[in-house]
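**Student:** Before I ask anything, let me first share the structure, which is written out below as C-alpha cells.
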Amino acid sequence: MITRDIQLAVDSLDRNDVVGMPTETVYGLAGNAFSEQAVRRIFEVKQRPAYNPLIVHINGFADLNVVASDIPEEAVILARHFWPGPLTVVLKKKSCIPDLVTAGKATVAVRAPDHPVAQELLRRTSYPLAAPSANPFGTISPTSAAHVERYFGDTIPCVLDGGTCRRGIESTIVGFGDDGRPVILRLGSITPGEIEEVAGHVTIRNNAMAAPDAPGMLSRHYSPKTELIITSNPEMTLEMYAGRKVGLLTFSERVPDRPGLIQVVLSDKGDMNEAAAALYAALHDLDQLSADIIVTSLLPETGLGMAINDKLRRAAEKD
Ligand code: AMP
Ligand code: MG
C-alpha cells in the first residue's frame with residue numbers, strides 16, 4: 001500500500017516490520033537497526049544474501065556517535081560537509097548495532113539522508129533505520145513508490161510516498177585507511193572530485209566497480225529482466241536487430257525513429273545529474289515493454305558519468 005501517512009510507517013517499524021522509505025538517492029527498505037528481528041525481515045523480503053551488509057540511516061551528524069566509534073577526522077569533515085546527503089561513511093561499529101546489519105564486520109556503513117519524509121520518519125522513531133535499496137536482490141533499484149509497490153506489494157505493510165528520488169542513484173560509500181584517508185568503496189551520487197575538493201585527496205578502490213565486500217560475486221546488479229547490451233555505436237547495433245522490438249537507452253543522442261524501436265534519452269541537454277535521476281526509471285520503463293533486447297551506450301567516463309556507467313555495466317552483466 002502506498003501512503004503518505006508517516007505514523008502508519010512508524011507503527012509498523014515499532015512492530016519490527018519493514019516499510020518502503022523515500023530518500024534522495026533511491027527508495028529504501030527500512031527497519032529498526034537495533035532489532036535483529038527487523039533486520040532479519042529486511043534480508044528475507046529482499047532475498048539479500050547475509051554476507052552483504054546494510055547501510056544504517058541516522059538523522060544527522062549529532063547521532064553518528066550512537067552507532068560508530070573511533071571516527072577519523074577526515075570522516076568528520078566529510079560527514080559535516082555532505083550531510084544530510086548521499087555520502088555513506090564506513091566506520092568502526094558500536095555494539096548496539098547487531099552483527100546481522102554489518103554481515104559480521106567490525107565496521108558499520110552510515111549516512112544521513114536528505115529527504116524530508118525520511119528525516120521525519122527518523123525523528124519519530126527512537127532508533128536508526130537499516131535500509132538497503134527496496135528491490136529484490138540484483139534487480140533495478142526503485143526511484144518511485146510505485147516501483148517499490150510493484151516489487152513487494154502486500155509483502156510489506158506500506159511504502160511511504162516521497163515522490164521521485166531527486167538524485168536517482170545510490171550513495172557514494174567511503175571507507176578510511178589506516179592513515180585516516182578516504183577511499184571510495186562504491187561509486188555513487190557524490191563524485192570523486194567533490195570528495196577530493198573537501199578532503200584534499202581521495203582514492204578509488206580498485207574493485208569499487210565490484211561489490212565492496214564480496215569482490216566479483218555481485219558484479220551482476222541493477223539488472224532488468226530483458227537482456228541489456230552496451231554498444232559504442234547504437235545505430236550500427238540497431239541494424240543487427242532490424243524487425244525486432246528494441247529499447248534504446250542513450251545519454252543525450254537520438255537515432256532516427258523506426259518501427260519497433262522505443263528510445264529513451266536520459267538528458268536531452270547532456271546533463272549528468274539529470275541523467276542519473278532518470279536512469280533507473282528509464283530501465284524500469286524499458287523492462288516493462290517486453291522488448292527483445294535493450295541497447296545502451298555509456299556516458300563520458302568523468303564525474304557522475306563514472307557512477308552511471310558502473311551501474312550500466314553491472315546491469316548488463318550476465319548471471
Ligand atoms: P544497498 O543499500 O543495497 O545499496 O547496499 C549497501 C551497500 O553498502 C552494499 O554494497 C554493501 O556492501 C555496502 N556496505 C554496507 N556496510 C558496509 C561496510 N561495513 N563496509 C563496506 N561496505 C559496506
Ligand atoms: Mg541495492
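The values are calculated or read from the model by the stated rules, or taken from the named source; none is laboratory data. On a predicted model such as this, the values are computed, not experimentally measured, just so you know. Glycine also receives a Cβ, built like all others from the backbone with ideal geometry; neighbour counts cover every protein chain displayed. Remember, those area values only see protein heavy atoms, side chains included, never the ligands or the DNA or RNA. Shrake-Rupley method; radii C 1.70, N 1.55, O 1.52, S 1.80 Å.
**Student:** Using a Förster distance of 51 angstrom, determine the FRET efficiency expected from the C-beta separation of ASP268 and SER126, and round it to 0.05.
**Tutor:** 0.65
**Student:** Take the Cα gyration tensor of the range 241-319, multiply each eigenvalue by 5, square-root it, and list the three semi-axes largest first, rounded to whole angstrom.
**Tutor:** Semi-axes, largest first: 21, 15, 10 Å.
**Student:** Another one. What size of dipole, in debye to the nearest 20, comes out for the chain about its Cα centre when the only charges are +1 on Lys and Arg C-beta atoms and -1 on Asp and Glu C-beta atoms?
**Tutor:** Its charge dipole is roughly 500 debye.
**Student:** Report the one residue of ALA112, HIS81, LEU54 whose Cα lies farthest in the direction of the positive end of the charge dipole of the range 49-149 (charges on C-beta: Lys and Arg +1, Asp and Glu -1; origin at the Cα centre).
**Tutor:** Selected residue: LEU54.
**Student:** Given the options ILE230, ILE173, ILE308, which has the most mean-square fluctuation in a GNM of the chain, springs set between C-alpha atoms less than 10 angstrom apart?
**Tutor:** ILE230
**Student:** Then there is this: As a quick test, which of the pairs LYS225/LYS318; LYS46/LYS93; LYS46/LYS225 have an alpha carbon distance above 21 angstrom in this structure?
**Tutor:** LYS46/LYS93
**Student:** Just to be sure I understand: with springs between alpha-carbon atoms less than 10 Å apart, which residue in PRO113, PRO259, PRO136 has the highest mean-square fluctuation in the Gaussian network model of the chain?
**Tutor:** Of PRO113, PRO259, PRO136, the Gaussian network model singles out PRO259 as fluctuating most.
**Student:** Positive end of the charge dipole of the range 17-95 (Lys, Arg +1 and Asp, Glu -1 on Cβ, about the Cα centre): tell me which of SER95, SER69, THR23 has its Cα farthest that way.
**Tutor:** The listed residue farthest towards the positive side: SER95.
**Student:** Now, a different point. With n ≥ 4 as the cut-off for DSSP H runs, can you work out [θ] at 222 nm for the chain, using -39500 (n - 2.57) per run divided by the number of residues, rounded to the nearest 500?
**Tutor:** Dividing the helical sum by the residues of the chain leaves -8500 deg cm²/dmol.
**Student:** At each listed q (0.15 Å⁻¹), what is the log10 of I(q)/I(0) that the Debye formula gives for the chain modelled as equal alpha-carbon point scatterers?
**Tutor:** -1.20
**Student:** Something else: So, with a 1.4 angstrom probe, what is the percent of accessible area on the chain that is carbon and sulfur?
**Tutor:** 49 percent
**Student:** Taking the 0 to 90 degree range and rounding to the nearest ten, how far is the long axis of helix 36-46 tilted relative to the main principal axis of the chain, both from C-alpha atoms?
**Tutor:** 0 degrees
**Student:** Using only Cα atoms, find the angle between the long axis of helix 73-82 and the longest principal axis of the chain, and express it within 0 to 90 degrees, rounded to the nearest 10.
**Tutor:** So the helix axis and the longest Cα principal axis differ by about 60 degrees.
**Student:** Label LYS225 and GLU317 with points 7 Å out from Cα along Cα→Cβ: what is the distance between them in nm?
**Tutor:** 2.2 nm
**Student:** Could you give the nm distance between label points at ALA106 and GLU235, where each point is 7 Å from its Cα heading toward the beta carbon?
**Tutor:** Here the answer is 5.8 nm between the modelled labels.
**Student:** Next question, about the same structure. Projected onto the charge dipole of the range 265-319 (+1 at Lys/Arg Cβ, -1 at Asp/Glu Cβ, origin at the Cα centre), which of LEU286, ALA307, LEU266 gives the Cα projection farthest towards the positive end?
**Tutor:** ALA307
**Student:** Determine the dipole magnitude for the range 180-319: charges of +1 sit on the beta-carbon of Lys and Arg, -1 on that of Asp and Glu, nothing else is charged, the reference point is the Cα centre, and the result goes in debye to the nearest 20.
**Tutor:** Around 360 debye, computed over the range 180-319.
**Student:** Now, a different point. For TYR151, TYR241, TYR51, TYR27, write out the residues from largest to smallest accessible area, computed with a 1.4 angstrom probe and no ligands counted.
**Tutor:** In descending accessible area the options line up as TYR51, TYR151, TYR241, TYR27.
**Student:** Under a 10 Å cutoff between Cα atoms, tell me which one of THR164, THR203, THR25 has the largest fluctuation in the Gaussian network model of the chain.
**Tutor:** Looking only at THR164, THR203, THR25, the largest GNM fluctuation is found for THR203.
**Student:** Another one. Ordering MET21, MET1 from largest to smallest accessible area (1.4 angstrom probe), what's the sequence?
**Tutor:** MET1, MET21
**Student:** By its C-alpha gyration tensor, with a ≥ b ≥ c as the square roots of the eigenvalues, how is the range 1-68 shaped: rounded for a/c under 1.5, else prolate for a/b larger than b/c, else oblate?
**Tutor:** It comes out rounded by the Cα gyration axes.
**Student:** Shifting gears a bit: Could you compute the net charge surrounding THR226? Neighbours are other residues with a C-beta less than 9 Å from the C-beta of THR226; K and R count +1, D and E count -1.
**Tutor:** Surrounding charge for THR226 is -2.
**Student:** If you roll a 1.4 Å probe over the heavy atoms of the protein chains, what accessible area per residue do you get for the range 79-232, in Å²?
**Tutor:** Per-residue accessible area for the range 79-232 comes out at 39 Å².
**Student:** Turning to a different aspect of this structure: Among LYS311, LYS225, LYS93, LYS245, what's the order by accessible area (1.4 angstrom probe), most exposed first?
**Tutor:** LYS225, LYS245, LYS93, LYS311
**Student:** May I pose another question? Hey, what angle do you get for helix 272-287 against the long axis of the chain, alpha-carbon based, 0 to 90 degrees rounded to 10?
**Tutor:** Roughly 70 degrees between the two axes.
**Student:** Please get the size of the charge dipole for the range 95-205, origin at its Cα centre, with Cβ charges of +1 on Lys and Arg and -1 on Asp and Glu, quoted in debye to the nearest 20.
**Tutor:** For this selection, approximately 100 debye.
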